[in-house]
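**Student:** Got a structure for you, written out below as structure tokens; questions coming shortly.
We did not get these values from a lab; they are worked out from the coordinates using the rules stated. What you see is a predicted model; the values in this text were computed from it and never measured. As a convention, Cβ positions derive from the backbone with ideal geometry for all residues, glycine included, and neighbour counts pool all protein chains shown.
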Amino acid sequence: MIKIDDLKKSFGRNQILKGVSIEVEQGGVTVIIGPSGSGKTTLLRCIDFLERADSGRLTLGDITVDLEKCHKKDILAIRRKCAFVFQNYGLFQNKTALENVMEGLTVVQKKSREEARRIAAETLDWVGLSDRMDYYPVNLSGGQQQRVGIARAVALSPDVILFDEPTSALDPELVGETLELIKKVANRGITMIVVTHEMAFAQDVANQVIFMDEGVVVEAGTPGEVFSHPKNERTKQFLARIIPEDTIYYI
Amino acid sequence: MDFKFIVQMIPQMAPALENTFLIAVVSAVLGWILGMVIALIRTNRVRVLARILTVYVSFMRSVPLIIIMFFTYFAVPTLIAYYRVEHGLPVENIAGNTSLVCPIAAMTLSEAAFSSETFRSALSAIPHDQMEAAKSVGMTGIQAYFRIIFPQAFVIALPNMGGLFIGLIKNSSLAYYSGVVEVTGFAYTLASPTYQFLEAFFVIALLYEALSFVFSRLFRILERAFGRYRTGIVLQ
Ligand SMILES: Nc1ncnc2c1ncn2[C@@H]1O[C@H](COP(=O)(O)OP(=O)(O)OP(=O)(O)O)[C@@H](O)[C@H]1O
Ligand SMILES: [Mg+2]
């Protein structure tokens, strides 16, 4: 289970997150939607300490930390329970696909090279890249790179995987297959928080949808509740803008 | 041209060439390690230290190397001698020391400053997402630097490091002023009695040219070997 309590974050004088609280159940898929600039990326980055929150509490499994004053050791412990899938893939440029997946297993989890290699090869095979293991990122297409990024996250067997718009840098024809893969990850029972603009995916895979706007959680609920019966006026307006009238009730 | 002189000169050059190499290689290794440390401190904005190092780098880059050499060869030993006599400091007297220590110290200090700029720009050329990705898989800062950042920065810095190394070989000729007989000093000493400077300097000019050629080749090979990931040749 992952729980965020009253998280606040400012950049200079701009308060970007104004007290965000969310809860994600074990094995659940939470999708965060919201207009551009609402703080979705910042929230994910604060969870993985890529950005330092100003205040709030974070519970991940058996660790609870005060975000305002937590130590290096806690940060490392939380990071090792999280994995991150980046919008622009974030692959290690000096490592092959296989090495990208192995890196965390050997360096962080201290697994033997043989075991790491076995896990990495299995995971790359699972994402459909068994023929690209020895390629460097420069030689992989965007879709393939994101598959490696997803394999790298899954291979670490983290408590939660954070996805930040994993398909928005991809060519349209690659979006579908990448979403299929993320669905496959969800089916493995891994807890996930996914920021995305793909509403059909949210409908299909999420068991919780969170709508954020201007640094607060405006509405949270099941996809049915948020998409079909939004309570808040801002949610309604956002959905009306992003989903064409006639598709919303059919998906 | 006296070719007999040239033919006799070449085999005698070995010890001088060894000194040239020793000075260049040791100053490169020490200077680059220090330069890397300076670059890291400055890119990570470690407050007071970063300021001090900024001044140090700009100072070393503007003062002629020969002055830094005079400093390590004349001024430092004089200071040491003074403190030995006046305050009974238990240090060795190094005045008139003609070993490689003084020129290497000077060139290391200067090389640290010059190379730190090369390393700093190499470090800043690595996209931020590399560090973030490393952190996201749970690496510590040190692991991230050694596994991900340094290997990439190294490849970017290599062409400049090749240039710096060739510069060190050339600058090692200044060690002559601190009594070290390296290639230039050797040629000068050998030519003096008979005034055969033309022959002597012609030979060592060719020698410097050859060294420069060999090392720029070597650095290009290194760059290609370590930079395979950039061109994306598939390992099979
Ligand atoms: N490092 C930073 N420094 C200053 N401001 C920042 C920084 N990162 C983000 N912001 C600001 O925080 C706000 C929220 O950004 P964030 O990236 O979290 O939005 P988002 O909801 O992910 O948007 P999008 O859907 O476009 O990705 C934006 O107004 C942005 O300008
Ligand atoms: Mg974003």
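**Student:** Which residues does the label zone of B:Thr194 cover in the range B:5-20, counting backbone N under 14 Å from a point 7 Å along Cα→Cβ?
**Tutor:** B:5-12
**Student:** Count charges around A:Asp5 for me, please; just the other residues with Cβ under 13 Å from its Cβ, Lys/Arg as +1, Asp/Glu as -1.
**Tutor:** Around A:Asp5, the charge tally is -1.
**Student:** Find how many whole Å separate the alpha carbon centroid of the range A:162-220 from the alpha carbon centroid of the range A:1-38.
**Tutor:** So the separation of the two Cα centres works out to 15 Å.
**Student:** With every atom except the alpha carbons ignored, what do you get for Rg and Dmax of chain A, in angstroms?
**Tutor:** In Å, with Rg to one decimal and Dmax whole: 18.2, 55.
**Student:** Right, next: Peptides A:63-74, B:119-130: what's the order by average Cβ count within 10 Å, highest mean first?
**Tutor:** B:119-130, A:63-74
**Student:** Counting each DSSP H run of 4 or more residues in chain B as -39500 (n - 2.57), what helix-only mean residue ellipticity at 222 nm follows after dividing by all residues, to the nearest 500 deg cm²/dmol?
**Tutor:** Counting only the DSSP helices, I get -24500 deg cm²/dmol.
**Student:** Using only Cα atoms and rounding to the nearest 10 degrees, what angle (0 to 90) does helix A:233-242 make with the longest principal axis of chain A?
**Tutor:** That helix lies at roughly 50 degrees to the long axis.
**Student:** The protein assembly as shown: percent of C-alpha pairs farther apart than 34 Å?
**Tutor:** Working: 61715 of 118341 pairs.
Tail fraction, whole percent: 52.
**Student:** What's the average, rounded to a whole number, of partner chain beta-carbon atoms within 10 Å of each residue's beta-carbon in A:92-103?
**Tutor:** Taking the mean over all residues of the peptide, I get 5.
**Student:** Here's a follow-up. My understanding is that a pair violates if its Cα-Cα distance is over 29 Å; which of A:Lys18/A:Lys110; A:Lys72/A:Lys184; A:Lys9/A:Lys73; A:Lys81/A:Lys231; A:Lys8/A:Lys111 do that in this structure?
**Tutor:** Violating the 29 Å Cα-Cα cut-off are A:Lys18/A:Lys110; A:Lys72/A:Lys184; A:Lys81/A:Lys231; A:Lys8/A:Lys111.
**Student:** Show me the ranking of peptides B:70-81, B:164-175, A:212-223, B:207-218 by mean Cβ neighbours inside 10 Å, starting with the highest. Each step should come with its number before you reach the end.
**Tutor:** Numbers: B:70-81: 16.2, B:164-175: 21.4, A:212-223: 18.3, B:207-218: 14.1.
Top of the packing list down: B:164-175, A:212-223, B:70-81, B:207-218.
**Student:** Along the range B:45-50, what does the Karplus equation 6.51 cos²θ - 1.76 cosθ + 1.60 (θ = phi - 60°) give for ³J(HN,Hα), rounded to whole Hz, x for Gly and Pro?
**Tutor:** Karplus-based 3J(HN,Hα) across the range B:45-50 equals 6, 5, 3, 5, 4, 4 Hz.
**Student:** Taking Cα atoms, how many degrees apart are the long axis of helix B:197-226 and the longest axis of chain B, rounded to 10 and kept between 0 and 90?
**Tutor:** 20 degrees
**Student:** Report, largest value first, the span of the C-alpha coordinates of the range B:3-231 along each principal axis, in whole Å.
**Tutor:** Principal-axis extents of the range B:3-231 (Cα, largest first): 69, 54, 27 Å.
**Student:** Partner chain Cβ atoms within 10 Å, averaged over the residues of B:122-135 - can you pull that number for me?
**Tutor:** 4
**Student:** Could I ask something else about it? Report, in whole Å, the centroid distance computed from the Cα atoms of the range A:109-124 and the range B:180-236.
**Tutor:** Measuring centre to centre over Cα atoms gives 45 Å.
**Student:** Add +1 for every Lys or Arg and -1 for every Asp or Glu among the other residues with Cβ under 13 Å from the Cβ of A:Met133, and state the total.
**Tutor:** Numbers: positive: A:Lys95, A:Arg117, A:Arg118, A:Arg132, A:Arg147, A:Arg152; negative: A:Glu99, A:Glu122, A:Asp125, A:Asp131, A:Asp134.
My count for the surroundings of A:Met133 gives +1.
**Student:** Going by Cα centres, the range A:46-88 and the range B:117-136 are how many Å apart?
**Tutor:** 22 Å
**Student:** Going by average Cβ density within 10 Å per residue, which order do the peptides A:33-43, B:14-24, A:170-180 take, highest to lowest?
**Tutor:** A:33-43, B:14-24, A:170-180
**Student:** How big is D, in µm² s⁻¹, for the range A:31-87 by Stokes-Einstein at 10 °C and 1.306 mPa s if Rh is the Kirkwood radius over C-alpha pairs?
**Tutor:** In µm²/s, the coefficient rounds to 131.
**Student:** Dipole of the range A:176-240 (Lys/Arg Cβ +1, Asp/Glu Cβ -1, origin at the Cα centre): which of A:Ser228, A:Ala186, A:Ala206 lies farthest to the positive side?
**Tutor:** A:Ala186
**Student:** I would also like to ask the following. Which of A:Ile78, B:Ser121, A:Trp126 sits closest to the plus end of the dipole of the protein assembly as shown, meaning its Cα is farthest towards the positive end, when Lys and Arg get +1 and Asp and Glu get -1 on the C-beta?
**Tutor:** With unit charges placed on the Cβ atoms, the residue in question is B:Ser121.
**Student:** How much FRET efficiency would the formula 1/(1 + (r/R0)^6) give for A:Thr64 and A:Asn187, where r is the Cβ-Cβ distance and R0 is 35 Å, rounded to 0.05?
**Tutor:** 0.75
**Student:** Step by step: find N for the range B:1-104, compute 2.2 N^0.38 Å, then divide the Cα radius of gyration by it. What's the final number?
**Tutor:** 1.51
**Student:** Ok, one more. Counting only other chains, and only Cβ atoms inside 10 Å, what mean value do you get across the residues of A:71-77?
**Tutor:** Details: counts 0, 2, 0, 0, 1, 5, 1.
Mean shielding by partner chains, rounded to a whole number: 1.
**Student:** Work from the charge dipole of the protein assembly as shown (Cβ charges, +1 for Lys and Arg, -1 for Asp and Glu, about the Cα centre) and give the residue of A:Thr106, A:Asn139, B:Val7 farthest towards its positive end.
**Tutor:** About the Cα centre, the residue reaching furthest to the positive side is B:Val7.
**Student:** Do any trypsin sites (Lys or Arg not before Pro) in the range A:148-251 lie in a DSSP loop with no more than 14 other beta carbon atoms within 10 Å, and if so, which?
**Tutor:** A:Arg188, A:Lys231
**Student:** If you don't mind, another one. Suppose the chain between A:Ala240 and A:Glu225 were pulled fully straight at 0.36 nm per residue; how much longer would it get relative to their current alpha carbon spacing?
**Tutor:** On the way: separation 15, 0.36 × 15 = 5.40 nm, distance 1.50 nm.
Contour length minus Cα-Cα distance gives 3.9 nm.
**Student:** For the range B:116-194, just list the percent of Cα-Cα distances falling in each 5 Å bin from zero outward, please.
**Tutor:** Here the calculated profile for the range B:116-194 is 3, 14, 16, 13, 10, 9, 8, 8, 7, 6, 4, 2, 1, 0, 0.
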